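Single-structure report; data block below.
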Amino acid sequence: MVDLVSQYKKIKIEVDAAVIEVMETAAFINGKVVRHFQRCLEKYLGIKHVILCGNGTDALQLALMALDLQAGDEVITTSFTFIATAEVIALLKLRPVLVDVLPDTYNIDPKAIEKAITSKTKAIIPVHLFGQTADIHSILKIAKKYHLFVVEDNAQAIGADYTCPESGNAKKAGTFGDIGCTSFFPSKNLGAYGDGGAVFTNDDVLAAKLKMLANHGMKVRYYHDYVGINSRLDSIQAAILNIKLRYLDEYSAARQKAATFYNDAFAHHQKIISPKTATFTTHVFHQYTLVLKGIDREGLMQHLASKGIASAVYYPVPLHLQKAYRDKRYKIGDFPVTEMLSASVVSLPIHTEMTLEMQQEIVQAVLEFVN
Ligand SMILES: *Cc1c(COP(=O)(O)O)cnc(C)c1O
């Protein structure tokens, strides 16, 4: 699905030198390169505070820990996402309240959010799925009306630009809510060579608390004000990410070019619905995901595999139908769009190193099976 080896080869000289420098100074934890990456990411995102942490799941957990929620408080999120989003809610003894997504963008449906609000609702976690932002404008309006926190799961859309339809102001995805979260998992759009994550906020008080929570709840060493966790980005990953951050816009452009090629190739096909980009956001195509209408998905994937072409289903089981998250509140049929998507989506390879030949071959293989 991705080609991280070819990508590395192009930046090998820079990356190798940066990694060796960390090793030669042995500043593996909290080296000055960590602080440097933090500052560069703050600048890139146009946000006041970035707090680096161990992975994207920790980032979501830290965000919820910082909001002073009580056991049983409800947090609304989408049923069509990676499990981490709901997992952290459940782990903190909060109540995940799931809602459906929109059929064109696969992102959380703001109308469904508003319907799901109760007196116990405290926060909304929109996921900017596959690389474009959810309808943040509508979500922030709802949050304001009902006094809810917004934590953005931006693990898949780092670098996307969102333009407010009212003010016309453009900002980076993940910087609108109270807290934004991202992941530097290797296959993410800004991927490390191991695990990593970050939370971001413009709020000074939240930033100070997040920083302490990620460091055992302490500010002064061995004095613990909160029950925290240990979650940090190590210096080697920070050194690598700092180099890759400089290429992020170029990487996004390469993904967009590949997506445009696919879109054109599938444009007039009745049984293949290509991904739509909402008007208020750019799309950085963490995934290129098609909806298949009346096509045998397993058969198509096997056909592609027989030609050495990867494909994947994100995500085959909606959260409300996952074994660990079964709940008498939910049953099959509750979220028809999510369920339709889980049954019919397929993602094709998309990454920074795609060539025209590769894409032609993939498109040809898909059409061969479908036609
Ligand atoms: C990858 C991902 C995460 C978790 O990130 P990790 O770094 O793997 O913990 C959370 N949410 C979404 C939507 C993701 O895609």
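The values are calculated or read from the model by the stated rules, or taken from the named source; none is laboratory data. Here the structure is a predicted model, which means the values were calculated and not measured. So basically every Cβ, Gly included, is an ideal-geometry build from the backbone, and we count neighbours across all protein chains shown.
Data table
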| item | result |
| --- | --- |
| Answer residue from segment 323-337, given it is buried (at least 16 other Cβ atoms within 10 Å of the Cβ) and either of a type outside the set (D, E, K, R) or in the same structural domain as Lys188 (by TED's automatic domain parsing) (or both) and is farthest from Pro349 (Cα to Cα) among those | Tyr330 |
| Selection count where residues are outside any loop (DSSP other than H, G, I, E, B) and within 17 Å of the chain's Cα centre (by Cα), scope segment 261-285 | 2 |
| Some residue of segment 326-337 being under 21 Å from Leu190 (Cα atoms), more than 16 Å from the ligand (Cβ to nearest atom) and within 21 Å of the chain's Cα centre (by Cα) | no |
| Search result, residues across segment 39-57 that are in contact (Cβ under 8 Å) with a residue 60 or more places away in the chain, in a helix (DSSP H, G or I) and closer than 13 Å to Ala238 by Cβ | Cys40, Leu41 |
| Those residues of segment 139-173 which are among the small types (Gly, Ala, Ser), away from the ligand (no atom under 16 Å from the Cβ) and either in contact with a Lys or Arg (Cβ under 8 Å, 6 or more places away or on another chain) or assigned to a loop (DSSP other than H, G, I, E, B) (or both), in sequence order | Ser167, Gly168 |
| Long-range neighbours under 7 Å by Cβ, at least six apart or interchain, first residue among the acidic types (Asp, Glu) within segment 315-330, second at pLDDT below 95 and part of a helix (DSSP H, G or I) | none |
| Meets criteria (part of a loop (DSSP other than H, G, I, E, B), buried (at least 22 other Cβ atoms within 10 Å of the Cβ), within 16 Å of the ligand (Cβ to nearest atom) and of a type in the set (Gly, Ala, Ser)) for Ala238 | no |
| Those residues of segment 90-105 which are out of contact with any Ser or Thr (no Cβ under 7 Å at 6 or more places or on another chain) and within 16 Å of the ligand (Cβ to nearest atom), in sequence order | Ala90, Leu91, Leu92, Thr105 |
| Failed criterion for Gly31 (all others in (1) at pLDDT below 95; (2) of a type outside the set (A, V, I, L, M); (3) over 25 Å from Lys209 (Cβ atoms) hold) | (3) |
| Hits in segment 180-198 - residues which are aromatic (Phe, Trp, Tyr) and crowded, with 24+ Cβ neighbours inside 10 Å | Phe184 |
| Flag for Phe176 being assigned to a loop (DSSP other than H, G, I, E, B) and of a type in the set (Phe, Trp, Tyr) | yes |
| Residue in segment 35-54 that is within 16 Å of the ligand (Cβ to nearest atom) and of a type in the set (S, T, N, Q) present | no |
| Residue among Asp58, Asp3, Asp16, Asp73 that is more than 15 Å from the ligand (Cβ to nearest atom), acidic (Asp, Glu) and buried (at least 18 other Cβ atoms within 10 Å of the Cβ) | Asp73 |
| Residues satisfying the stated conditions in segment 340-371, i.e. hydrophobic (A, V, I, L, M, F, W, C) and assigned to a helix (DSSP H, G or I) | Met340, Leu341, Ala343, Leu356, Met358, Ile362, Val363, Ala365, Val366, Leu367, Phe369, Val370 |
| Residue in segment 311-324 that is closer than 18 Å to Gln359 by Cα and of a type in the set (Ser, Thr, Tyr) present | yes |
| Some residue of segment 216-235 being more than 16 Å from the ligand (Cβ to nearest atom), assigned to a helix (DSSP H, G or I) and not assigned by TED's automatic domain parsing to the domain that holds Thr352 | yes |
| Some residue of segment 188-198 being touching a residue at least 60 places away in the same chain (Cβ under 8 Å) and either more than 16 Å from the ligand (Cβ to nearest atom) or assigned to a strand (DSSP E or B) (or both) | yes |
| Every residue from segment 124-136 that is in contact with a helix residue (DSSP H, G or I) (Cβ under 7 Å, 6 or more places away or on another chain) and within 16 Å of the ligand (Cβ to nearest atom) | Ile124, Ile125, Pro126, Val127 |
| Residue list for segment 83-104, filter: surrounded by fewer than 21 Cβ atoms within 10 Å (Cβ to Cβ) and either of a type in the set (Ser, Thr, Tyr) or under 20 Å from Ala278 (Cβ atoms) (or both) | Leu102, Pro103, Asp104 |
| Conditions (1) at pLDDT 95 or above; (2) under 30 Å from Asn215 (Cα atoms); (3) within 15 Å of the ligand (Cβ to nearest atom); number of the one not met by Ala86 | (1) |
